[in-house]
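The next block holds one structure in the form of structure tokens; read it before the comments.
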Amino acid sequence: MQDPGRALRVAFLVYRGNPRCGGQGVYTKYLTRELSRLGVDVEVFSGPPYPILDSCVLLNKIPSLDLYRDPDPFRIPKLKEFKDVIDVLEFAIMATAGFPEPLTFSLRAHRELRKRLGAFDLVHDNQCLGYGLLKMMKDGWPLIATIHHPITVDRELDLMHAKTFSKRLSVKRWYGFLRMQKKVARALDQIVTVSNSSKHDVSEAFGVDKNKISVVPVGVDHEIFKPLDGIVKKNGQIMTTASSDVPMKGLVPLLEAVAKLRTEREVNLIVIGKLRPESRVKGVIESLNLSNCVSFIHGITDNEIVKLYAQSQVAVVPSLYEGFSLPAIEAMASGVPLVATTGGAIPEVVGKDGESALLVPPNDPSALATKIALLLDNEHLRQKLAQGGRNRVLGRFTWQSTAKGTLDAYLELLERKGKYFYAYR
């Protein structure tokens, strides 16, 4: 089929799209904006909390029971809130300690798209991987999905940190959706992932043919995340991002490193993220006597985050594993010297040790403390890494590059289906 001379039309799915919920929301916000600037008509289908989108991108809100909303997570809905069998399924899975949103969002999205057959040229799923996607493919939709990294990694790390049998059982129930995601991933037409490390891990964990996986790194808004003039650095200020207070983000090893640093110098740690009441992190902070030097900040704008970066002497990505690492490239783009672990794709993102960042093994508080101290004591090294990090981001990790790579993946999929959009080539 030849190009009809119109814009490519994409239905973009995200089961929870708010940028404050983590990387998937940031990915949705900026990728859809840049795709639109390339002449692609994008309509986002999202469950709550809903994304913040550019004015040129349409948002189709798909309501749910919103069982994890603030300030009432794991709430019990009123009877009048149940409208259909999907609502019942959503509550039933939560009530048995599972996480229903990938499945129930995909079923609701399938229901919406069935009403609009022919309205889009393809569907792009942002790591929902629910059974509803198989129904979409049966309806004839060409379907591509982004898998940032296989959630099997999160599951294994959470199991490692579960100390009791009941906690381990709870973790296994929560990640019950993984069996579904593996089955759906293997059936997809094409997959996009964000690094070569994630490509390997997705193939291994989900049993996906590597030939179906394209690598398209994510980006950063380098016009927002940039060095700021006229901001005074605060001596000893360290900054990290942990939008999800989970073991994988490595916050506990970083706190232990800060405690080691505190024996020799005054330091303070700014954490961009929200501390969960049930998290072990609160107890770690108290046991290490760090309550007066660790601050959690959430719900702030990107510009406010950039100002905090500008005030900080060092940024840290202490993650045990990352499929990419948006916080790493945001810090680098902001011109802040970075200490990061070698977990997952981080070395692939930040480059060789000493060029754009200092690297340490995951879960090694002593190594973190040593490298942070090295940077705090060496202004020349801080300046070198700050410039090297900024240059690396500008050369590799912009949202414009992400959009172009994603568009290439769209066109490749459509050409395999016999549909050609020459205007984009």
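Does L358 satisfy the criteria of being modelled with pLDDT of 95 or more and buried (at least 22 other Cβ atoms within 10 Å of the Cβ)? Yes; evaluated as a whole, the condition is true for this residue. Restricting A357, A345, A328, A369 to residues that are under 19 Å from E264 (Cβ atoms) and in contact with a helix residue (DSSP H, G or I) (Cβ under 6 Å, 6 or more places away or on another chain) narrows the list to A369.
Close Cβ contacts (under 7 Å, 6 or more residues apart or on different chains) running from residues in the stretch 47-60 that are not assigned by TED's automatic domain parsing to the domain that holds Y30 to residues that are among the β-branched types (V, I, T) and assigned to a loop (DSSP other than H, G, I, E, B) are absent. Look at (1) surrounded by 14 or more Cβ atoms within 10 Å (Cβ to Cβ); (2) at positive phi and you find that Y30 fails only one, number (2). Flag set for D364, criterion: surrounded by fewer than 22 Cβ atoms within 10 Å (Cβ to Cβ), in contact (Cβ under 8 Å) with a residue 24 or more places away in the chain and more than 30 Å from G39 (Cα to Cα). The residues in the stretch 5-20 that are touching a Pro at 6+ places or on another chain (Cβ under 8 Å) and either surrounded by 18 or more Cβ atoms within 10 Å (Cβ to Cβ) or without any contact (Cβ under 8 Å) to a residue 40 or more places away in the chain (or both) can be counted, and the count is 6. Checking each residue in the stretch 389-425 for being small (G, A, S) and under 24 Å from the mean Cα position of the chain (by Cα) picks out G389, G395, S401, A403, G405, A409. Of the listed requirements (1) of a type in the set (S, T, N, Q); (2) modelled with pLDDT of 90 or more; (3) under 26 Å from A328 (Cβ atoms), S55 misses just one: (3).
The set of residues in the stretch 299-326 being in contact with a strand residue (DSSP E or B) (Cβ under 9 Å, 6 or more places away or on another chain) and surrounded by fewer than 15 Cβ atoms within 10 Å (Cβ to Cβ) consists of I300, E304.
The values are calculated or read from the model by the stated rules, or taken from the named source; none is laboratory data. Everything numeric here is computed off the predicted structure, so don't read it as measured data. Cβ: placed from backbone, ideal geometry, glycine included. Neighbour counts: every protein chain shown.
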